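All remarks here apply to the structure that follows.
What follows is calculated from the coordinates using simple rules that are stated; it is not laboratory data. Because the structure is predicted, anything quoted here is derived from the model rather than measured. In this analysis, Cβ positions are derived from the backbone assuming ideal geometry, glycine residues included, and neighbour counts consider all displayed protein chains.
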């Protein structure tokens, strides 16, 4: 990291000069048939029968390239994002869970901050990922602690024999916002390298309504970083890949409504390095993976006299093997070792360390000519701090007829206390138990082509019961302390439907997502707890999303609409925030002049100028605008594809 600090500006300028990426490959028609070996983890693709899985399509990823992960998920999934405002903290709530109960996986590695147990989605740029997917429901047997409500999967896929591609994107918007994305990709039959850099800065002095229209203060931010990926194919279908992702940001936190002065700020610095080897055979596919993460979070509030410096290091070593006994029976065996180290002045001692070892077993059964799938996953972890419950999951999917598939899944899940839960100086509780419980879901997939139309619908019912739910409550000397307080029962429905029309160079698609979540505290360890039988705070019962996209030749227009219902702001449900509707419009046009293409986009956010809040005392911007221009240069590889 010191090397990067010393040479960050030359590196940054050089990367922009060469500028390239694979991001807008969806805009450049690719007719080259490629036979690429698997690089993502086998368990993510082959051991999830009965689960609801959602992949964000390439057009949507393109239109949200200049946005962060929070914005992408808000308008394109059933995930509710608890957003404190632009550039501010944004965390997730999935199927009635809290932010620590959603796993975030980068190429199969869980990147949740071990001190906080969660991720800030406002700090994760969409630009650097090739694929984004959501796996709903309990997945602790596959991914470990925290994957209770589901997980967000962020993937980079090395591509071969694509030749030379460069990209430079420059965007500007309201509130003196400037965005810059650049990259360079080169690959031949054996070697692939991909470099991406990004910069996002804004004064962020947006307009909002508080009796009268006002401008936000002390809310500027800047985010910058890069991703480097190198991959090499050698011997017989063996592949080695190394990745490095560096991110650095600074932001001033705006004052809450009613306060005119803000003096708090936060600086984040994150380095993530991974390496993996995989050998895909006809029967056996072994893999070895390594990861090292270093996360720095420094928070300052001069008014409250808070100067908090925190640093964590994560080391992950993982090995697994996928064995195809025959076309009907497959087995997965895995071993994972994870070590966390935290250095902070906020713990009773300056450094704390935790480690855990996990053993995984998966079985996949395929019958009736790929109509019936059954998965069984088992996981046992051993920790240096506490007893971790044995977990497992099982799922079945059955293709009744060509148009209809039914699926069922159940899982035993858990979440370990965070390092802050255990060791915080003024309230940490080392006697905490892991949260544990079970999840279940059942659904139906329906797909019907009618001439030039394709109708698709996915309906899901889910339930979840979690014991030993950890809450921070008032403790000795008025300091809050975490306790295993609640038994929480969540249940609800999700639907995802789309109607697509295809006609030569025209595509029209209408999509609708609906979510109903009833997430209540069944019982509490606290006497006379007013939260019992009440909806959890900041858990909307209703959440709807709709979008329509029209593509004609090289022109596309997309409209996204999001409705969020009442959110209670107190555990006894006596105070709440009113529902809101927000719409965004995105227009894009591609001009092609081989080997160069130009992509121009115009975004109108909060189209109807809605006055709303997602979090109490945290206003959101009124109508604002953004425009960007992307230059793409592509020179295909002339060598024959193998």
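Which whole-number percent gives the relative contact order of the range 284-418, counting Cα pairs below 8 Å spaced six or more residues apart?
15
What percent do you get for the relative contact order of the range 83-139 when only Cα pairs under 8 Å and 6+ apart count?
31
Equivalent-ellipsoid semi-axes (√(5λ), Cα gyration tensor) for the range 103-216, whole Å, largest first?
Square roots of five times the eigenvalues give 31, 27, 10 Å.
Would you order 213, 294, 458 from fewest to most other beta-carbon atoms within 10 Å of each residue's own beta-carbon?
In increasing order of surrounding Cβ atoms, one gets 213, 294, 458.
Any idea what % of Cα-Cα pairs in the range 262-384 are farther than 18 Å?
Pairs farther apart than 18 Å: 68 percent.
Can you put 162, 95, 623, 491 in order, fewest other beta carbons within 10 Å first?
623, 491, 162, 95
Which ordering of 278, 331 is given by a fewest-first count of other beta-carbon atoms within 10 Å?
331, 278
Report the Rg/Rh value for the range 330-420, based on alpha-carbon coordinates and the Kirkwood definition of Rh.
1.19
Return the calculated 222 nm mean residue ellipticity for the chain, to the nearest 500 deg cm²/dmol, obtained by summing -39500 (n - 2.57) across DSSP H runs with n ≥ 4 and dividing by the residue count.
-2000 deg cm²/dmol
So between residue 348 and residue 633, what do we pick up on full extension, going 0.36 nm a residue minus the alpha carbon distance?
Value of the extension gain: 97.1 nm.
Please report, in Å, the Rg and the Dmax of the range 401-499, where both are computed over Cα atoms only.
Looking at the range 401-499, its Cα Rg and Dmax stand at 21.0, 70 Å.
Between the range 104-138 and the range 217-244, how many Å separate their Cα centres?
14
So for the chain, averaging the separation of alpha carbon pairs under 8 Å that are six or more residues apart and normalising by length, what relative contact order in percent results?
12
Cα centroid distance between the range 522-544 and the range 362-411, in Å?
The range 522-544 and the range 362-411 have Cα centres spaced 30 Å from each other.
Averaging the inverse of every distinct alpha carbon separation and then flipping it gives the Kirkwood radius. What is it for the range 184-312, in angstrom units?
18.4
Please work out the C-alpha center-to-center distance from the range 589-642 to the range 431-475 and express it in whole Å.
One Cα centre to the other: 31 Å.
Would you please put 178-188, 599-609 in order of how densely packed they are, using the mean number of other Cβ atoms within 10 angstrom per residue and starting with the highest?
178-188, 599-609
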